[in-house]
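> Input: one structure, supplied below.
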Amino acid sequence: MNYEEITEGEPQIRTLIPIEEFKAILGIDDRDDKLVKFCLATSTLTIENYCKSKLLRKKHFEKIEYIGDLLLYLREYPVNEV
């Protein structure tokens, strides 16, 4: 999860991808910054509400009892890499 500054003096917003990357993917220029930030903030909050979880990237260490099975049952999700 990324934190982007809206403007000086305003609070930061959480977005799933950086605002500049979003604008590059859609080919949007700087004239539509307010609309882009609104769309990213709204979609991020909608996804978090649907998942009933805050989607923040963090490192999580977990000790797992390995018994030879090919499946790993993790307590935290979603997982970026193991």
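> Can you sort L40, L16, L70 so the residue with the fewest Cβ neighbours within 10 Å comes first?
By the 10 Å Cβ count, ascending, the order reads L70, L16, L40.
> Hey, what do the phi angles of the range 32-37 turn into as Karplus ³J(HN,Hα) couplings, whole Hz, using 6.51/-1.76/1.60 and θ = phi - 60°, x for Gly and Pro?
9, 4, 5, 5, 4, 5
> Give me the number: length gained by fully extending L72 to Y50, i.e. 0.36 nm times residue separation minus the C-alpha to C-alpha distance, one decimal in nm.
Answer, rounded to one decimal: 5.4 nm.
> Moving on. Sorting F38, F22, F61 on the 10 Å Cβ count, fewest up front, what's the list?
Lowest count first: F61, F38, F22.
> Got a sec? How would I47, I25, I17 order by Cβ neighbour count within 10 Å, fewest to most?
Fewest to most other Cβ atoms nearby, the residues stand as I25, I47, I17.
Read-outs: derived from the displayed coordinates by stated rules, not from any lab. In this text, all values refer to a predicted model and were calculated from it rather than measured experimentally. All Cβ positions, glycine included, derive from the backbone under ideal geometry; neighbour counts span all protein chains shown.
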